[in-house]
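J.: To start, I am sharing the structure in question, which I have written as structure tokens.
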Amino acid sequence: MVKKICGIGAGYVGGPTMAVIALKCPSIEVAVVDISHSRISAWNSDKLPIYEPGLEQVIQQCRGKNLHFSTDVEKHVYEADIIFVNVNTPTKTSGLGAGKAADLTYWESAARVIADVSRSNKIVVEKSTVPVRTAEVIEKILVHNSKGKIKYQILSNPEFLSEGTAMQDLLNPDRVLLGGNDSLEGQEAIQKLKDIYAHWVPQDRIITTNLWSAELSKLADNAFLAQRISSINAMSALCEATGADVSQVSCVLSKNTKLGSKYLNASVGFGGSCFQKDILNLVYICESNGLFEVANYWKEVVKVNDYQKSRFVKKVVTSMFNTVSGKKIAVLGFSFKKDTSDTRKTPAIDVCKGLLADNACLSIYDPRVSEEQIRRDLSMNESHWDHSIQAKSTSFTSAKQVSVFADVYEATKDAHGICVLTEWDEFKTIDYHKVFDSMVKPAFVFDGRNVLDVDKLREIGFIAYSIGKPL
Ligand code: NAD
Ligand code: UGA
């Protein structure tokens, strides 16, 4: 019987996922461990390290009962029956496969700790997104460093939550994917993990596959979602060139039951920590297997995403009389999507850097992202690969070019233009008459998320642009 679970990595996935297991399995002790002291102390405080609607309530309900956050990785790994590894798997920034391959350093160090401290049999669960066949490598590390006759069963259990809706996604998942090997022990391990999820997930939503299918399905899942966004974004460019309206086109597509309605919103580009990283990982795996045509196919999804961001910057600059030098541009929204404070790979970084490279002055407002985070994001150099638009625009250094405001009306005051880069609901209810009155004329709006009523904005007097729509 499973008495204790340890989650290694207390980030966007580890925190919420382990919290939900604790909530739904009150008889199991759940410890979430991390090497980051600041992250763990934030999980133990009133100000959690991440913002996710509904998370705080679950933490309050379980923390100190059957849910614990700790930096004592060794102790909790030693005591656990099942270990979920939720560590980050970013894109490699140097060495072989730099800019594409997944960096498994964090995973490997977690595996080495498991091997070092374990004195009883363990089920090790890959929760992080990893390259296909990672379980094979992990098994080697565990077996070759094992202290005594310890048996490890490695399972793949990729996570499908989206930020901003993580709690809903975890409490009511459309599927839970479990991959394991065919041996008796492998099947017993799968059953143990199934029993955990069975506390709240209906049987028919739990899919079991072999290890490699589970690992690859996660990469395929993200690649397919991102590919839909790049497809509709590619259409948005064609709409602008021909007078078609991308919202009307996506509405038509969404009524096709073969296509469905999700992931058809044209935007300034997709962001987030995973889509780009996972596609590049897929590209690298394809190239490593000599499948260059397949690699190039997926590469285009990222290229179109970069094109969409550059296209947006170009639209702003050309519309504002071919120069934004010295002009104040208000940026509304910095996180990569609404209802999260996460800015990893947010399109706002690329757009802001593009505008700064043209010497614009930016006044940025986001309801959830701190000034410190925004400044850090804009001062960091991106690691380059052969697609990167930042490769051309990293010369920005002046902190004076950027101001961050806690109030939308302050941010837009005296601005020449507004760029909406995140679809926060509150941007729909701003008093745009008041905003217009306080701006330099002609006042421009560039809606990078197609969330504003541009006809109303035009009635007020704005020159308004949206993605993929006629002027
Ligand atoms: P994150 O960076 O927020 O969290 C990872 C945590 O792991 C960090 O706090 C880090 O300090 C910790 N860590 C790293 N090495 C460690 C070690 N050896 N021991 C203990 N702690 C260690 O990352 P995340 O967004 O939670 O993503 C984690 C994984 O889940 C990634 O593989 C990602 O692709 C995948 N994923 C993420 C999401 C998402 O929405 N963020 C969704 C599905 C899957
Ligand atoms: C995505 C997937 O949706 C999850 O299934 C997956 O678990 C997760 O990645 C992961 O592996 O990290 P997430 O990145 O949190 O989740 O958020 P999404 O809602 O998918 O949005 C990603 C980006 O695409 C955002 O920038 C969003 O604004 C953009 N997007 C989304 C569009 O531009 N158009 C759309 O129609 C949908």
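J.: At 1.4 Å probe size, with the rest of the protein present, what percent of the exposed accessible area of the range 107-240 is carbon and sulfur atoms?
T.: 52
J.: With the crude spin-label approximation of a point 7 Å out along Cα→Cβ, what separation in nm comes out for Arg175 versus Lys149?
T.: In this crude label model, Arg175 to Lys149 measures out at 4.0 nm.
J.: Taking Cα centroids, how far is the range 417-459 from the range 261-316 in Å?
T.: Value for the Cα centre distance between the two parts: 28 Å.
J.: Give me the percent of accessible area attributable to carbon and sulfur for the range 247-383, probe 1.4 angstrom.
T.: 53
J.: Please give the contour-minus-distance gain from His433 to Phe321: 0.36 nm per residue of separation, less the Cα-Cα distance, rounded to one decimal in nm.
T.: Values: separation 112, 0.36 × 112 = 40.32 nm, distance 2.37 nm.
Fully extending the segment from His433 to Phe321 adds 37.9 nm.
J.: How much solvent-accessible surface does Leu378 expose, in Å² to the nearest 10, with a 1.4 Å probe and all protein chains in place?
T.: Counting only protein heavy atoms, Leu378 exposes about 10 Å² to solvent.
J.: Could I ask something else about it? When only Cα pairs under 8 Å and 6 or more residues apart are kept, what is the percent relative contact order across the range 210-330?
T.: Rounded, it is 28 percent for the range 210-330.
J.: On to the next question. Okay, which of the range 132-164 sit inside 20 Å, backbone N to the point 7 Å along the Cα-Cβ direction of Glu74?
T.: Of the residues in the range 132-164, 142-150 have backbone N under 20 Å from the label point off Glu74.
J.: So, one more: Can you order the peptides 328-339, 59-70 by their average number of other Cβ atoms within 10 Å per residue, highest first?
T.: Listed from highest to lowest mean packing, they are 328-339, 59-70.
J.: Give, in nm to one decimal, the length gained when the segment between Lys194 and Glu426 is fully stretched (0.36 nm per residue of separation minus the Cα-Cα distance).
T.: Between Lys194 and Glu426, full extension yields 79.5 nm more.
J.: Going down the table (Lys127/Lys192; Lys428/Lys469; Lys218/Lys469; Lys327/Lys434), which pairs top 25 Å between alpha carbons?
T.: Lys218/Lys469
J.: Please list the equivalent ellipsoid semi-axes of the range 300-352, computed as the square roots of five times the alpha-carbon gyration tensor eigenvalues, in descending order and whole angstrom.
T.: Details: eigenvalues 94, 54, 10 Å².
Over the Cα atoms of the range 300-352, the ellipsoid semi-axes are 22, 17, 7 Å.
J.: How far, in degrees from 0 to 90, does helix 347-357 lean away from the longest principal axis of the Cα atoms of the chain, to the nearest 10?
T.: Long axis of 347-357 versus the principal axis of the chain: about 40 degrees.
J.: Report, in debye and to the nearest 20, how large the dipole of the chain comes out about its Cα centre when Lys and Arg carry +1 and Asp and Glu carry -1 on their Cβ. Kindly include the intermediate steps, with their values, before the conclusion.
T.: Working: 55 positive and 55 negative charges, 65 e Å.
Using Cβ point charges on Lys, Arg, Asp and Glu, the chain gives about 320 debye.
J.: Now, a different point. Per-residue ellipticity at 222 nm for the chain, helices alone: DSSP H runs ≥ 4 residues times -39500 (n - 2.57), over residue total, nearest 500 deg cm²/dmol?
T.: Calculated mean residue ellipticity at 222 nm is -13000 deg cm²/dmol.
J.: Name the aspartates and glutamates eligible as straight-distance cross-link partners of Lys47: C-alpha to C-alpha under 19 Å, and not fewer than 8 places from it in the same chain.
T.: Asp34, Glu56, Glu163, Asp339, Asp342, Asp366, Glu371, Glu372
J.: Now, a different point. Sticking with the crude label model, points 7 Å out along Cα→Cβ, report the distance from Asp453 to Glu136 in nm, one decimal please.
T.: Going from the Asp453 label point to the Glu136 one covers 5.8 nm.
J.: Using a 1.4 Å probe on the protein heavy atoms, what percent of the accessible area of the range 1-42 belongs to carbon and sulfur?
T.: So the carbon and sulfur contribution to the accessible surface is 59 percent.
J.: Quick one: how many Å² of Ser213 are accessible to a 1.4 Å probe, rounded to 10?
T.: Approximately 50 Å² for this residue.
J.: Continuing with this model, one more query. Peptides 46-55, 416-425: what's the order by average Cβ count within 10 Å, highest mean first?
T.: In decreasing order of mean packing, 46-55, 416-425 become 416-425, 46-55.
J.: Give me the Kirkwood hydrodynamic radius of the range 115-189 in Å, from all C-alpha pairs, to one decimal place?
T.: Numbers: mean 1/r = 0.0719 Å⁻¹.
It is 13.9 Å.
J.: If you don't mind, there's one more thing I want to ask. Just the accessible area per residue of the range 24-139, please: how many Å² with a 1.4 Å probe? Please list the in-between numbers first.
T.: Values: 5190 Å² over 116 residues.
Spelled out: the 1.4 Å probe surface of the range 24-139, per residue, equals 45 Å².
J.: Of the listed peptides 263-273, 120-130, 88-98, what is their order by residue-averaged count of other C-beta atoms within 10 Å, with the highest listed first?
T.: Ranking the peptides 263-273, 120-130, 88-98 by packing returns 263-273, 120-130, 88-98.
J.: Something else about it: Return the Rg/Rh value of the range 18-114, two decimal places, where both radii are evaluated on C-alpha atoms and Rh is the Kirkwood radius.
T.: My calculation of the ratio gives 1.02.
J.: Please work out how much length the chain gains when fully extended from Ile463 to Asn121, using 0.36 nm per residue of separation minus the C-alpha to C-alpha distance, in nm with one decimal.
T.: 116.5 nm
J.: Would you mind computing, in nm to one decimal, how far apart the modelled labels at Gln168 and Ser261 are, each placed 7 Å from Cα along Cα→Cβ?
T.: It works out to 1.3 nm between the two label points.
The values are calculated or read from the model by the stated rules, or taken from the named source; none is laboratory data. Small disclaimer: the values here were computed from a predicted structure and weren't measured. When we count neighbours, we look across all protein chains shown, and the Cβ atoms used for this are built from the backbone with ideal geometry, even at glycine. To get the accessible areas, we keep the full protein, side chains included, count just its heavy atoms, and leave off ligands, DNA and RNA. Shrake-Rupley method; radii C 1.70, N 1.55, O 1.52, S 1.80 Å.
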